[in-house]
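Trainee: Take this structure first; my questions come after.
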Amino acid sequence: MKKVLIIGIVASGKTTLAKRLSEKINIPWHELDSIVHHQTAAGRVKRTADEQVEVILEMDKDGDWIFEGTDRASYQCLYEMADTIIFLDTPLWKRRIRIFVRFMKQKLGIEKCHYKPDIQMLKMMYKWTKDFERDRDEFEAKCKCQHKHVHFCLFKDVQNHLSS
């Protein structure tokens, strides 16, 4: 594993897995959300799809990497660039709980975030989760068409593997 793409829907455990995997195999990890929405002096700005790809290609020049995020049309190039793709398939009930717990932690200032943790964002996270479940078969079919092996994993399975 030199170039790892961790894909999953909101609250599936992508960031936690990326951090742990990064420590285990000593490869830097990057949040795709930070590439899509980058921080400027004026606030968070959304890059165009072409700008996102430019940033990814520039980061790729540094060698090994772990990227984690949700599936977006703007960075489909990562499916070709990665030598390992992990689809983190956390049960729906667990993701729903995590979304709410994360929201409460952010509202209380216990957990940092790059966006405004308001009711609108909470609703959007539940909407994205619902949309993903509606389109799940299409996403899984896309993953299975990849020329390389795609790992469909539950977070606990990956955790067990990392601790061994």
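Trainee: Do you know which of the residues in the stretch 77-106 that are among the polar types (S, T, N, Q) and under 26 Å from Leu122 (Cα atoms) is modelled with the highest pLDDT?
Mentor: Residue satisfying both the conditions and the ranking: Gln106.
Trainee: Let me ask something else. Could you please let me know if Leu17 is in contact (Cβ under 8 Å) with a residue 40 or more places away in the chain, on the phi < 0 side of the Ramachandran plot, open to solvent by less than 70 Å² (accessible area, probe 1.4 Å) and in contact with a Gly (Cβ under 7 Å, 6 or more places away or on another chain)?
Mentor: no
Trainee: Please go through the stretch 101-120 and pick out each residue that is exposed (fewer than 14 other Cβ atoms within 10 Å of the Cβ), under 19 Å from the mean Cα position of the chain (by Cα) and in a helix (DSSP H, G or I).
Mentor: Val101 - this is the single residue of the stretch 101-120 that is exposed (fewer than 14 other Cβ atoms within 10 Å of the Cβ), under 19 Å from the mean Cα position of the chain (by Cα) and in a helix (DSSP H, G or I).
Trainee: Of all the residues that make up the stretch 1-35, how many are in contact with a Phe, Trp or Tyr (Cβ under 8 Å, 6 or more places away or on another chain) and assigned to a helix (DSSP H, G or I)?
Mentor: Count: 8.
Trainee: Of the residues Thr70, Thr129, which single one is polar (S, T, N, Q), in contact with a Gly (Cβ under 8 Å, 6 or more places away or on another chain) and under 22 Å from Gly13 (Cβ atoms)?
Mentor: Being polar (S, T, N, Q), in contact with a Gly (Cβ under 8 Å, 6 or more places away or on another chain) and under 22 Å from Gly13 (Cβ atoms) holds for just one of Thr70, Thr129, which is Thr70.
Trainee: Let me ask something else. Just to be sure before I move on: is Phe152 within 17 Å of Ala11 (Cα to Cα) and either open to solvent by less than 40 Å² (accessible area, probe 1.4 Å) or modelled with pLDDT of 90 or more (or both) in the structure I sent?
Mentor: No; evaluated as a whole, the condition is false for this residue.
Trainee: Criterion first (among the aromatic types (Phe, Trp, Tyr), open to solvent by less than 50 Å² (accessible area, probe 1.4 Å) and either modelled with pLDDT under 90 or within 17 Å of the chain's Cα centre (by Cα) (or both)) does Trp29 satisfy it?
Mentor: No: the conditions fail for Trp29.
The values are calculated or read from the model by the stated rules, or taken from the named source; none is laboratory data. Quantities reported herein were computed from a predicted structural model and do not represent experimental measurements. Cβ sites come from the backbone with ideal geometry, for glycine too, and all protein chains shown count toward neighbours. We work out accessible area using only protein heavy atoms, side chains counted, and drop any ligands, DNA or RNA first. Shrake-Rupley method; radii C 1.70, N 1.55, O 1.52, S 1.80 Å.
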